[in-house]
Every structure is written in C-alpha cells, then in structure tokens.
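Read-outs: derived from the displayed coordinates by stated rules, not from any lab. These numbers were taken from a predicted model, which means no experiment stands behind them. Ideal geometry is used to build each Cβ from the backbone, glycine not excepted, and the neighbour counts take in all protein chains shown.
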Amino acid sequence: MASAQPRFSLGSDNHSGVHPQVWAAMSQLSQSHAPSYGSDPLTEKVTTDLKKHLGANASIHFVFNGTAANVLCLQTLLKSYEAVICAETAHLHLDECGAPEKNIGCKVLTVPTSDGKIAPEQIEKFLIRGGDQHYAQPRLVTLTQPTEYGTVYSLDELRRWRQFTREHNLLLHIDGARLIYAAHALNCSLHDLTGGLEIDALSLGGTKNGLLFGEAVVIYNSTASASTKFYRKQMMQLPSKMRFLSSQFNELINKELWREITTHGYDLAKYLGAQLEGFSEISITQKIQANSVFARLPRQWVKPLRENVFFYVWDEATFEVRLMISYDVTREDIDFFIGEIERIRELHKTVVKQ
Ligand SMILES: Cc1ncc(COP(=O)(O)O)c(C=O)c1O
C-alpha cells in the first residue's frame, strides 16, 4: 500500500476485513471447546451441507490459502512427469512462485489470451506428443473462473471444455478463487459450475469473498480423492482448529451469504465502470462480469490518485489498472474515487495550461 494511508483500497478483495456475519459466527464458536483436525460435529455437518451446493460426490478439504488449494488439487491428480495447461495469465502460473512446479514437479504449459479465457483449439498443439517419453505429458487443464481479468466462461464454453478434455483423456480443474461471482454473472447455481459439469477438481475461494482466511479443495475423482488428506498434511495445510474454517464456509456458502456479496460487488463494479466511461481519457479494457474493472488511465493521474485510494497498475507498459470491489466498499467510496479523478484531471489541465 502507498505510504500516505489511502482512504480505502480498490487494490484487491484481499485488502478488506472480515464480513461481520462471518466474524460473528467465528466469535460464537470461540465460546466452547471442540475436537480438532476436522473431527468436530460442525465441520462434519458443514461438509455434508456443502455437498448440496457442490455435488454429492464432492470430497472437501479445507486449507489455509489459495495457492495451497491449487497445489493440493494438482498434487492429488498429477504425476511429476505430467503437465498442466493454463492461460498465460493464470495465477497458478504467474503468481504462485513456482509452487506447483516445486511441489509436484509438473510442467506448466501456457496458452496466450487477451481476456483471461482460453479455448480448446489452442491446446491441440500440446497433445501431439502424447506418449513420447521426451515430453512432459499433458494431463490437466486448469481454468480460472472468473478469470484474472474478471471475465467469465459461459456454461456453453465450460461444457465444450469438459467434452474436449474427456475426448483427449485430460482432467479439468477450476481455480475458483472467486467462483461465486461466476455463479452470479451466469445466474446459475454453484452446482451448475462444479459437480453439475462433472469437473475433476475445484479450488473454492473464501478469503477474497469476505472470509478471514481459508479455501476449500474439492475433488470429484473418487479414486484420487483418497490421497488428498495425506497430501494436505504433508503440505502442512491441515488446520487443527478446523471448525473456524468450516464455520466461515457455512456462512458464505450454506447460508448463502455469497449472494449478497456478489450482488454488491458486481453492481458496484458496473457502477464504477459506467462512471469511468464518462471520461474521454479513460478506456475500459475488459468486460465487467465480476467484481473488478480493468481500465487504462492517463499515466500522470495514477500517482496522485493512489494517494487517497489504493489500486494496482496491472500493466506498467500501458497503464492499465485493476480496480477491485471488496464486500465493504460503498457507493460513496466509488463517488469519492470519481471525485478524485475529476479533481486530478482539472489540476492536470491547469498545470498543462500554465
Ligand atoms: C485466481 C486466484 N487463484 C489463486 C489465488 C491464490 O490465493 P493465495 O494468495 O491465498 O495463495 C489468487 C490470489 O490472488 C487468485 O487471484
């Protein structure tokens, strides 16, 4: 964050606090003792209830963070000589410090993208050397839904991926750090995007969606899922006070807090996008389908703007920025940000005239 204490942050949904409903549930839990490592009654109940949203054959394992969730999914499904295919913008490829490569030994093969999404035809070139002992064997496709650009694969696109991966003996994983926003955008259930699609594995996000911490690894392949709990422990991701993780997912998913959070995040992102479109100097670079807005700003506006509202420059070459809405950002915050843009534009005009 910038040193001058910005008023609030559009930098990431990781920057927010904890949703009060989640905090209250955790606080309530803190009044009593319970068995550890997931053998407490609450975790058992929450896991059973989560299957109603994710699929009856879902095997659910809570972990501390999103990188671990991705790595544990891959660890469960891949051998070290196999390769994972993803978009060149995938968090798993760009922002996990080589964790999949280090932990599994697998190769990551990337595909170019301009909006974060990839299509089956793009990976055909990797499949030609199947069976060749000199080549890391493509085995799993991972899609980020919504993508790192806040765009959303349609249900048809996902079905095409499922069909293609089946035809080519590939597994399908979804990095759903913000999956709840895709369900909102597509007006479908979480089940439609997971168990209903018959994917092989899912990283289901919590931290970015108002939780204190925690993600869920969901494995659908029953043979493979028998190993997940052992790998989780080896990866040092088995939380002893598990009930504090499961209670958060209970609020977010089972009690459907996700609907309130996504409606708010999406509506405010659209509102912000509409306001930005009023400035001829700004261009929106991606469709707004989740809780983020990507826009190109005049370079000289970025530094003064960030003094009061923090955000990230996504592309240093073009000054494309990412503006992301957390559950607690308000319409007044957005109006303040727009006011700041107006102020800085005027200031800049004056400076240029002098
Ligand atoms: C799409 C996506 N996947 C995975 C992660 C990893 O989460 P963590 O930082 O908790 O490891 C992030 C974090 O920003 C993300 O945006």
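Below, the figures for the structure above:
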item: Bridge type composition, the chain - antiparallel percent by DSSP, nearest 5; result: 50 percent
item: With eigenvalues of the C-alpha gyration tensor scaled by 5 and rooted, the chain, Å; result: 35, 27, 17
item: Relative contact order of the chain, defined on C-alpha pairs under 8 angstrom at six or more residues apart (%); result: 26 percent
item: Estimated vicinal HN-Hα couplings, Hz - the range 193-206 in sequence order (Karplus 6.51, -1.76, 1.60; Gly, Pro = x); result: 9, 10, x, x, 8, 6, 6, 8, 7, 9, 9, 9, x, x
item: In nm, spacing of pseudo-spin labels at residue 230 and residue 316 (7 Å Cα→C-beta vector); result: 4.5 nm
item: DSSP H segments from the chain that extend 15 Å or more along their own axis, Cα-based, with Kyte-Doolittle mean of 0.5 or above; result: 66-77
item: Trypsin sites (Lys or Arg not before Pro) restricted to the range 12-97 and DSSP loop, no more than 14 other C-beta within 10 Å; result: 79
item: Sites residue 342 and residue 168, calculated FRET efficiency, Cβ-Cβ separation with R0 51 Å, nearest 0.05; result: 0.45
item: The range 15-62 versus the range 245-271: alpha-carbon centroid distance in Å; result: 15 Å
item: Residue 121 paired with residue 56, simple spin-label distance in nm, labels 7 Å along Cα-to-beta-carbon; result: 3.9 nm
item: Amide H within-cut-off set for residue 312, under 5 Å, with H built and near neighbours excluded; result: 322
item: Within the range 59-112, chymotrypsin sites (Phe, Trp or Tyr not before Pro) in DSSP loop having at most 15 other beta-carbon neighbours inside 10 Å; result: 81
item: Estimated [θ] at 222 nm from DSSP helical runs (n ≥ 4, -39500 (n - 2.57)) normalised by residues in the chain, nearest 500; result: -11500 deg cm²/dmol
item: For the range 290-354 and the range 72-149, distance of Cα centres in Å; result: 34 Å
item: Gaussian network model of the chain, Cα within-10 Å springs - most flexible of 194, 262, 113; result: 113
item: Per-residue HN-Hα couplings for the range 315-324 [Karplus 6.51, -1.76, 1.60; θ = phi - 60°; Hz; x = Gly/Pro]; result: 10, 5, 6, 10, 6, 7, 10, 10, 10, 10
item: Violating pairs (Cα-Cα greater than 28 angstrom) within the set 51/107; 45/287; 117/229; 208/270; 107/287; result: 51/107; 45/287; 117/229; 107/287
